[in-house]
Amino acid sequence: MATTKKRIYLSPPDVGQRERAYLLAALDSGWIAPVGPDLNAFEADIVKRTKTRHAVALSTGTAAIHLALRACGIQPGDRVYCSTFTFAGSVNPVIYEKGIPVLIDCDRHSWNLDPTLLAEALANDARNGTLPKAVVLTHLYGQSADLTPIVSACTQYAIPLIEDSAEALGATYHSQSVGTFGLCGIFSFNGNKIITTSSGGMLVCNDSVIAERIRKWSTQSRENCIHYEHTELGFNYRLSNLLAAIGRAQLESLDEKIAICKAHYQAYAEAFKDIPSITMMPICKYGEPNYWLSCITLAPTSGNNPTSIVKTLESENIESRPLWKPMHLQPFYRNAPTVGGDVSADLFNRGLCLPSGTNMTHDERDRVIEIVRKCLLPK
Ligand SMILES: Cc1ncc(COP(=O)(O)O)c(C=O)c1O
(Lines give C-alpha, C1' and ligand atoms only; values in the text may rest on other atoms or scores of the structure.)
Protein backbone atom coordinates (compact mmCIF):
# COMPACT_ATOMS: atom_id res chain seq x y z
CA MET A 1 0.00 0.00 0.00
CA ALA A 2 1.34 3.45 -0.90
CA THR A 3 2.40 5.51 2.11
CA THR A 4 0.47 8.66 2.96
CA LYS A 5 3.43 10.18 4.80
CA LYS A 6 4.58 13.66 3.78
CA ARG A 7 7.40 13.62 1.23
CA ILE A 8 10.90 14.35 2.48
CA TYR A 9 13.10 15.79 -0.25
CA LEU A 10 16.86 15.50 -0.56
CA SER A 11 17.68 19.21 -0.52
CA PRO A 12 14.70 21.38 -1.44
CA PRO A 13 14.72 25.19 -1.64
CA ASP A 14 14.15 26.84 1.73
CA VAL A 15 12.61 30.28 1.21
CA GLY A 16 10.41 32.37 3.47
CA GLN A 17 9.18 35.85 4.30
CA ARG A 18 12.57 37.50 3.80
CA GLU A 19 12.87 36.19 0.21
CA ARG A 20 9.29 37.26 -0.46
CA ALA A 21 9.96 40.79 0.83
CA TYR A 22 13.22 41.24 -1.14
CA LEU A 23 11.69 39.81 -4.32
CA LEU A 24 8.58 41.99 -4.15
CA ALA A 25 10.68 45.08 -3.41
CA ALA A 26 12.78 44.34 -6.50
CA LEU A 27 9.65 43.79 -8.58
CA ASP A 28 8.10 47.03 -7.33
CA SER A 29 11.33 48.90 -8.08
CA GLY A 30 10.89 48.09 -11.78
CA TRP A 31 14.37 46.50 -12.05
CA ILE A 32 13.23 43.19 -13.47
CA ALA A 33 15.86 42.67 -16.18
CA PRO A 34 19.41 41.34 -15.73
CA VAL A 35 20.57 44.75 -14.50
CA GLY A 36 19.82 46.68 -11.35
CA PRO A 37 20.64 47.47 -7.73
CA ASP A 38 20.00 43.98 -6.32
CA LEU A 39 22.40 42.46 -8.83
CA ASN A 40 25.12 44.91 -7.77
CA ALA A 41 24.32 44.40 -4.09
CA PHE A 42 24.30 40.59 -4.39
CA GLU A 43 27.75 40.71 -6.01
CA ALA A 44 28.98 43.02 -3.24
CA ASP A 45 27.53 40.67 -0.60
CA ILE A 46 29.39 37.69 -2.13
CA VAL A 47 32.62 39.72 -2.33
CA LYS A 48 32.25 40.50 1.37
CA ARG A 49 31.36 36.94 2.34
CA THR A 50 34.18 35.26 0.39
CA LYS A 51 36.71 38.08 0.93
CA THR A 52 37.54 38.19 -2.75
CA ARG A 53 37.88 41.32 -4.91
CA HIS A 54 35.29 40.77 -7.65
CA ALA A 55 32.08 38.82 -8.19
CA VAL A 56 30.01 38.49 -11.37
CA ALA A 57 26.44 37.20 -11.00
CA LEU A 58 25.51 34.75 -13.77
CA SER A 59 22.53 32.66 -14.82
CA THR A 60 24.02 29.31 -13.68
CA GLY A 61 27.11 27.77 -12.15
CA THR A 62 27.71 25.99 -15.46
CA ALA A 63 27.77 29.35 -17.27
CA ALA A 64 30.31 30.60 -14.71
CA ILE A 65 32.62 27.63 -15.42
CA HIS A 66 32.18 28.19 -19.16
CA LEU A 67 33.25 31.83 -18.96
CA ALA A 68 36.11 30.99 -16.55
CA LEU A 69 37.41 28.50 -19.15
CA ARG A 70 37.16 31.14 -21.87
CA ALA A 71 39.14 33.48 -19.62
CA CYS A 72 41.87 30.79 -19.62
CA GLY A 73 41.89 30.97 -23.43
CA ILE A 74 40.88 27.33 -24.03
CA GLN A 75 41.20 26.47 -27.73
CA PRO A 76 39.85 23.40 -29.57
CA GLY A 77 41.99 20.37 -28.71
CA ASP A 78 43.39 21.85 -25.47
CA ARG A 79 43.48 19.45 -22.51
CA VAL A 80 41.75 20.49 -19.30
CA TYR A 81 42.16 18.50 -16.09
CA CYS A 82 38.87 17.97 -14.24
CA SER A 83 37.72 16.13 -11.12
CA THR A 84 36.00 12.95 -12.27
CA PHE A 85 33.95 12.67 -9.06
CA THR A 86 31.58 15.53 -9.78
CA PHE A 87 28.40 16.61 -11.56
CA ALA A 88 28.36 16.88 -15.37
CA GLY A 89 27.93 20.69 -15.20
CA SER A 90 31.54 20.86 -14.04
CA VAL A 91 33.01 19.15 -17.12
CA ASN A 92 30.54 19.90 -19.95
CA PRO A 93 31.82 23.47 -20.47
CA VAL A 94 35.17 22.00 -21.57
CA ILE A 95 33.26 20.31 -24.40
CA TYR A 96 31.45 23.60 -25.22
CA GLU A 97 34.92 24.98 -26.05
CA LYS A 98 35.94 21.79 -27.91
CA GLY A 99 38.60 21.06 -25.30
CA ILE A 100 39.57 17.58 -24.08
CA PRO A 101 38.65 16.87 -20.45
CA VAL A 102 41.17 14.66 -18.67
CA LEU A 103 39.38 13.10 -15.71
CA ILE A 104 41.33 12.76 -12.45
CA ASP A 105 40.29 10.54 -9.57
CA CYS A 106 39.63 11.58 -5.97
CA ASP A 107 41.30 10.36 -2.81
CA ARG A 108 39.58 8.47 -0.02
CA HIS A 109 40.06 10.95 2.79
CA SER A 110 38.49 14.02 1.14
CA TRP A 111 36.51 12.49 -1.78
CA ASN A 112 38.05 15.34 -3.79
CA LEU A 113 40.71 15.55 -6.49
CA ASP A 114 43.76 13.54 -5.43
CA PRO A 115 46.70 16.01 -5.17
CA THR A 116 49.27 13.25 -5.69
CA LEU A 117 47.67 12.08 -8.95
CA LEU A 118 47.51 15.70 -10.14
CA ALA A 119 51.16 16.40 -9.32
CA GLU A 120 52.31 13.18 -11.02
CA ALA A 121 50.22 13.86 -14.13
CA LEU A 122 51.53 17.43 -14.42
CA ALA A 123 55.15 16.30 -13.95
CA ASN A 124 54.62 13.73 -16.68
CA ASP A 125 53.07 16.35 -18.98
CA ALA A 126 55.94 18.75 -18.33
CA ARG A 127 58.39 16.07 -19.50
CA ASN A 128 56.30 15.32 -22.61
CA GLY A 129 55.34 18.92 -23.43
CA THR A 130 51.62 18.18 -23.00
CA LEU A 131 50.66 20.42 -20.07
CA PRO A 132 46.91 21.14 -19.79
CA LYS A 133 45.47 24.61 -20.35
CA ALA A 134 43.57 24.66 -17.01
CA VAL A 135 42.49 22.59 -14.02
CA VAL A 136 38.81 22.52 -12.96
CA LEU A 137 38.64 21.31 -9.38
CA THR A 138 35.35 20.45 -7.65
CA HIS A 139 34.81 20.92 -3.90
CA LEU A 140 32.37 18.04 -3.50
CA TYR A 141 29.32 17.93 -1.24
CA GLY A 142 30.38 21.16 0.46
CA GLN A 143 33.88 20.13 1.52
CA SER A 144 37.08 21.76 0.29
CA ALA A 145 39.65 19.76 -1.60
CA ASP A 146 43.17 19.76 -0.11
CA LEU A 147 44.14 23.04 -1.74
CA THR A 148 47.75 23.60 -0.60
CA PRO A 149 49.33 20.79 -2.69
CA ILE A 150 46.88 21.40 -5.57
CA VAL A 151 47.62 25.14 -5.77
CA SER A 152 51.32 24.42 -5.44
CA ALA A 153 51.29 21.90 -8.34
CA CYS A 154 49.31 24.32 -10.54
CA THR A 155 51.64 27.21 -9.65
CA GLN A 156 54.75 25.13 -10.40
CA TYR A 157 53.61 24.64 -14.00
CA ALA A 158 51.73 27.97 -14.34
CA ILE A 159 48.39 26.23 -14.95
CA PRO A 160 45.30 28.32 -14.08
CA LEU A 161 43.05 26.76 -11.46
CA ILE A 162 39.25 27.10 -11.61
CA GLU A 163 37.53 26.10 -8.38
CA ASP A 164 34.10 24.60 -8.95
CA SER A 165 32.63 25.52 -5.57
CA ALA A 166 29.05 25.06 -6.86
CA GLU A 167 28.15 22.96 -3.80
CA ALA A 168 30.43 24.62 -1.28
CA LEU A 169 29.42 28.25 -0.60
CA GLY A 170 30.43 29.00 3.01
CA ALA A 171 33.01 26.20 3.20
CA THR A 172 36.57 27.12 4.11
CA TYR A 173 40.11 25.77 3.79
CA HIS A 174 42.32 26.95 6.66
CA SER A 175 39.70 29.65 7.35
CA GLN A 176 39.73 31.03 3.76
CA SER A 177 36.63 30.73 1.57
CA VAL A 178 36.74 28.08 -1.15
CA GLY A 179 36.65 29.61 -4.62
CA THR A 180 39.32 32.19 -3.76
CA PHE A 181 42.52 30.16 -4.19
CA GLY A 182 42.73 29.85 -7.97
CA LEU A 183 42.30 32.17 -10.94
CA CYS A 184 38.49 32.01 -10.63
CA GLY A 185 35.98 30.31 -8.38
CA ILE A 186 32.33 29.62 -9.08
CA PHE A 187 29.21 29.05 -6.98
CA SER A 188 25.80 27.65 -7.95
CA PHE A 189 22.43 28.85 -6.66
CA ASN A 190 20.49 26.05 -8.31
CA GLY A 191 17.32 24.96 -6.46
CA ASN A 192 19.04 22.14 -4.58
CA LYS A 193 22.03 24.13 -3.30
CA ILE A 194 22.57 25.42 0.25
CA ILE A 195 21.27 28.79 -0.88
CA THR A 196 19.27 29.24 -4.05
CA THR A 197 18.05 31.89 -6.45
CA SER A 198 15.92 29.20 -8.20
CA SER A 199 18.68 29.05 -10.79
CA GLY A 200 21.80 31.14 -10.70
CA GLY A 201 25.55 31.28 -10.38
CA MET A 202 28.43 33.53 -9.35
CA LEU A 203 32.00 33.84 -10.53
CA VAL A 204 34.56 35.26 -8.11
CA CYS A 205 38.11 36.34 -8.85
CA ASN A 206 40.76 38.78 -7.70
CA ASP A 207 41.71 40.09 -11.14
CA SER A 208 39.71 43.14 -12.21
CA VAL A 209 40.52 42.70 -15.92
CA ILE A 210 39.24 39.11 -15.95
CA ALA A 211 36.13 40.04 -13.94
CA GLU A 212 35.27 42.85 -16.37
CA ARG A 213 35.84 40.67 -19.45
CA ILE A 214 33.57 37.99 -18.02
CA ARG A 215 30.90 40.55 -17.11
CA LYS A 216 31.00 41.85 -20.69
CA TRP A 217 30.89 38.36 -22.25
CA SER A 218 27.85 37.54 -20.08
CA THR A 219 25.86 40.39 -21.66
CA GLN A 220 26.45 39.40 -25.31
CA SER A 221 29.75 41.32 -25.32
CA ARG A 222 27.92 44.55 -25.91
CA GLU A 223 30.30 47.49 -26.28
CA ASN A 224 29.69 50.74 -24.44
CA CYS A 225 28.00 52.52 -27.38
CA ILE A 226 24.60 54.06 -28.07
CA HIS A 227 23.93 51.45 -30.77
CA TYR A 228 24.52 47.68 -30.43
CA GLU A 229 28.21 47.13 -31.20
CA HIS A 230 30.00 43.78 -30.77
CA THR A 231 33.70 43.14 -31.34
CA GLU A 232 33.79 39.64 -29.84
CA LEU A 233 31.53 36.64 -29.18
CA GLY A 234 29.16 37.02 -26.27
CA PHE A 235 26.68 35.02 -24.21
CA ASN A 236 23.35 35.71 -22.55
CA TYR A 237 24.53 34.56 -19.12
CA ARG A 238 23.71 37.44 -16.74
CA LEU A 239 21.57 36.82 -13.65
CA SER A 240 18.22 38.61 -13.40
CA ASN A 241 17.94 41.41 -10.84
CA LEU A 242 14.84 39.66 -9.43
CA LEU A 243 16.78 36.45 -8.76
CA ALA A 244 19.63 38.45 -7.26
CA ALA A 245 17.12 39.88 -4.78
CA ILE A 246 16.23 36.33 -3.69
CA GLY A 247 19.96 35.56 -3.45
CA ARG A 248 20.56 38.53 -1.13
CA ALA A 249 17.85 37.30 1.21
CA GLN A 250 19.17 33.73 1.11
CA LEU A 251 22.75 34.81 1.79
CA GLU A 252 21.65 36.49 5.02
CA SER A 253 20.72 33.05 6.39
CA LEU A 254 23.73 31.12 5.03
CA ASP A 255 25.33 30.61 8.46
CA GLU A 256 22.02 29.44 9.90
CA LYS A 257 21.65 26.98 7.03
CA ILE A 258 25.19 25.65 7.46
CA ALA A 259 24.49 25.10 11.18
CA ILE A 260 21.34 23.13 10.32
CA CYS A 261 23.14 20.98 7.72
CA LYS A 262 25.94 20.32 10.22
CA ALA A 263 23.36 19.27 12.82
CA HIS A 264 21.84 16.84 10.28
CA TYR A 265 25.28 15.33 9.64
CA GLN A 266 25.98 15.00 13.36
CA ALA A 267 22.56 13.47 14.07
CA TYR A 268 23.06 10.86 11.32
CA ALA A 269 26.58 10.12 12.62
CA GLU A 270 25.25 9.63 16.16
CA ALA A 271 22.32 7.47 14.99
CA PHE A 272 24.51 5.18 12.87
CA LYS A 273 27.53 4.90 15.15
CA ASP A 274 26.56 1.39 16.34
CA ILE A 275 26.15 0.11 12.76
CA PRO A 276 29.58 -0.98 11.53
CA SER A 277 28.49 -1.22 7.91
CA ILE A 278 27.75 2.55 7.70
CA THR A 279 30.55 5.11 7.37
CA MET A 280 29.85 8.85 7.23
CA MET A 281 31.55 10.95 4.56
CA PRO A 282 34.96 11.89 6.02
CA ILE A 283 35.41 15.43 7.33
CA CYS A 284 38.91 16.84 6.82
CA LYS A 285 40.60 18.79 9.60
CA TYR A 286 42.05 21.41 7.24
CA GLY A 287 38.77 23.29 6.87
CA GLU A 288 35.14 23.67 7.71
CA PRO A 289 32.60 22.25 5.21
CA ASN A 290 29.12 23.69 4.68
CA TYR A 291 27.71 20.14 5.13
CA TRP A 292 25.48 20.65 2.06
CA LEU A 293 24.54 16.95 1.84
CA SER A 294 25.02 14.24 4.47
CA CYS A 295 26.52 11.24 2.67
CA ILE A 296 27.26 7.72 3.80
CA THR A 297 29.03 4.69 2.37
CA LEU A 298 28.01 1.09 3.00
CA ALA A 299 30.48 -1.70 3.70
CA PRO A 300 30.59 -4.16 0.78
CA THR A 301 29.60 -6.88 3.27
CA SER A 302 26.40 -5.09 4.38
CA GLY A 303 24.23 -7.04 1.94
CA ASN A 304 22.79 -3.72 0.74
CA ASN A 305 23.68 -1.37 -2.04
CA PRO A 306 22.80 2.31 -2.46
CA THR A 307 20.06 1.51 -4.98
CA SER A 308 18.24 -0.83 -2.59
CA ILE A 309 18.33 1.79 0.20
CA VAL A 310 17.19 4.54 -2.20
CA LYS A 311 14.26 2.33 -3.24
CA THR A 312 13.30 1.46 0.34
CA LEU A 313 13.39 5.14 1.30
CA GLU A 314 11.35 5.99 -1.81
CA SER A 315 8.68 3.48 -0.75
CA GLU A 316 8.36 5.62 2.39
CA ASN A 317 8.11 8.81 0.31
CA ILE A 318 11.67 9.88 1.10
CA GLU A 319 14.03 11.14 -1.59
CA SER A 320 17.70 10.09 -1.48
CA ARG A 321 20.33 9.58 -4.19
CA PRO A 322 23.42 7.51 -4.92
CA LEU A 323 26.64 9.56 -4.89
CA TRP A 324 27.58 11.28 -8.16
CA LYS A 325 28.39 8.77 -10.86
CA PRO A 326 31.97 9.69 -11.82
CA MET A 327 32.40 11.30 -15.20
CA HIS A 328 34.78 8.58 -16.48
CA LEU A 329 31.92 6.05 -16.03
CA GLN A 330 29.40 8.18 -17.92
CA PRO A 331 28.64 6.90 -21.44
CA PHE A 332 29.15 10.42 -22.82
CA TYR A 333 32.71 10.59 -21.40
CA ARG A 334 33.69 6.99 -22.12
CA ASN A 335 36.54 8.05 -24.40
CA ALA A 336 37.89 10.79 -22.15
CA PRO A 337 41.43 10.18 -20.90
CA THR A 338 41.35 9.27 -17.20
CA VAL A 339 43.94 9.30 -14.42
CA GLY A 340 43.09 6.62 -11.84
CA GLY A 341 39.34 6.18 -11.34
CA ASP A 342 38.95 3.23 -8.98
CA VAL A 343 38.38 5.30 -5.82
CA SER A 344 35.45 7.32 -7.16
CA ALA A 345 34.02 4.20 -8.85
CA ASP A 346 34.10 2.40 -5.50
CA LEU A 347 32.50 5.35 -3.67
CA PHE A 348 29.76 5.50 -6.32
CA ASN A 349 29.07 1.78 -5.89
CA ARG A 350 28.77 2.07 -2.13
CA GLY A 351 27.58 5.59 -1.32
CA LEU A 352 24.42 7.61 -1.01
CA CYS A 353 23.22 11.08 -0.04
CA LEU A 354 20.57 11.31 2.68
CA PRO A 355 17.93 14.04 3.02
CA SER A 356 19.72 17.17 4.22
CA GLY A 357 17.28 20.02 3.63
CA THR A 358 17.53 23.07 5.83
CA ASN A 359 13.75 22.89 6.32
CA MET A 360 13.70 19.18 7.29
CA THR A 361 12.29 18.76 10.82
CA HIS A 362 13.81 16.56 13.53
CA ASP A 363 10.82 14.20 13.23
CA GLU A 364 11.38 13.90 9.49
CA ARG A 365 15.07 13.19 10.05
CA ASP A 366 14.13 10.52 12.59
CA ARG A 367 11.92 8.88 9.92
CA VAL A 368 14.95 8.69 7.61
CA ILE A 369 17.18 7.33 10.38
CA GLU A 370 14.70 4.64 11.38
CA ILE A 371 14.43 3.27 7.85
CA VAL A 372 18.17 3.33 7.15
CA ARG A 373 18.83 1.61 10.49
CA LYS A 374 16.24 -1.06 9.71
CA CYS A 375 17.93 -1.77 6.36
CA LEU A 376 21.42 -2.01 7.83
CA LEU A 377 21.18 -3.34 11.36
CA PRO A 378 22.94 -6.71 11.45
CA LYS A 379 20.23 -9.38 10.94
C1 LIG B 1 29.77 20.21 -8.65
C2 LIG B 1 28.82 21.00 -9.50
N3 LIG B 1 29.32 21.70 -10.54
C4 LIG B 1 28.54 22.44 -11.32
C5 LIG B 1 27.19 22.54 -11.09
C6 LIG B 1 26.38 23.34 -12.05
O7 LIG B 1 25.69 24.40 -11.44
P8 LIG B 1 24.33 24.94 -12.13
O9 LIG B 1 23.29 23.90 -11.92
O10 LIG B 1 24.04 26.21 -11.38
O11 LIG B 1 24.63 25.17 -13.55
C12 LIG B 1 26.63 21.84 -10.01
C13 LIG B 1 25.20 21.89 -9.65
O14 LIG B 1 24.24 21.90 -10.24
C15 LIG B 1 27.46 21.03 -9.21
O16 LIG B 1 26.95 20.31 -8.21
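When the charge dipole of the chain is built from unit charges on Cβ atoms (+1 for Lys and Arg, -1 for Asp and Glu) and taken about the Cα centre, the candidate among Leu329, Ala55, Ala158 whose Cα reaches farthest toward its positive end is Leu329. Excluding same-chain neighbours fewer than eight residues apart, the lysines reachable from Lys6 by a Cα-Cα span under 25 Å are Lys193, Lys257, Lys262, Lys311, Lys374. For region 5-72, the square roots of the Cα gyration tensor eigenvalues, ordered a ≥ b ≥ c, give a/c of at least 1.5 with a/b no greater than b/c, which places it in the oblate category. The simple Förster model, with R0 at 56 Å and r as the Cβ-Cβ distance, assigns Lys5 and Glu229 a FRET efficiency of 0.45. DSSP finds beta bridges in the chain, and of those with both partners inside it, around 60 percent are antiparallel.
Springs between Cα atoms under 10 Å define the GNM used for the chain, and in it the highest mean-square fluctuation of Leu24, Leu203, Leu103 occurs at Leu24. Where in region 262-292 is the amide nitrogen less than 13 Å from a point lying 7 Å along the Cα-to-Cβ axis of Ser175? Once the point is set 7 Å along Cα→Cβ of Ser175, 287-288 turn out to lie under 13 Å by backbone N, inside region 262-292.
Can you give me the Cα centroid spacing of region 23-68 and region 189-248 in angstrom? When both Cα centres are located, 7 Å separates them. Under the convention that each Lys and Arg Cβ holds +1 and each Asp and Glu Cβ holds -1, the size of the dipole of region 17-252 around its Cα centre is about 280 debye. A simple spin-label model places pseudo-atoms 7 Å from Cα toward Cβ; at Arg53 and Arg20 they are separated by 4.2 nm. For the chain, the Cα-based Rg and Dmax, in that order, read 21.1, 75 Å.
Tell me the carbon and sulfur percent of the accessible area for region 17-252, rounded to whole percent, probe radius 1.4 Å.
Percent of accessible area from carbon and sulfur atoms in region 17-252: 54.
Translational diffusion coefficient of region 76-122 at 37 °C, 0.692 mPa s, Stokes-Einstein with Kirkwood Rh over Cα pairs, in µm²/s as a whole number. It comes out at roughly 295 µm²/s. Report summary: the helix-based calculation at 222 nm, which adds -39500 (n - 2.57) for every DSSP H run with n ≥ 4 and divides by the residues of the chain, gives -12000 deg cm²/dmol. Between the alpha-carbon centres of region 325-369 and region 258-286 there is a gap of 16 Å.
Accessible surface computed residue by residue for the chain, with neighbouring protein chains in place and a 1.4 Å probe, gives 43 Å² per residue.
The values are calculated or read from the model by the stated rules, or taken from the named source; none is laboratory data. Here the structure is a predicted model, which is why all the values come from computation and not from measurement. We place every Cβ from the backbone using ideal geometry, glycine too, and count neighbours over all the protein chains shown. Note: areas computed on protein heavy atoms with side chains; ligands, DNA, RNA excluded. Shrake-Rupley method; radii C 1.70, N 1.55, O 1.52, S 1.80 Å.
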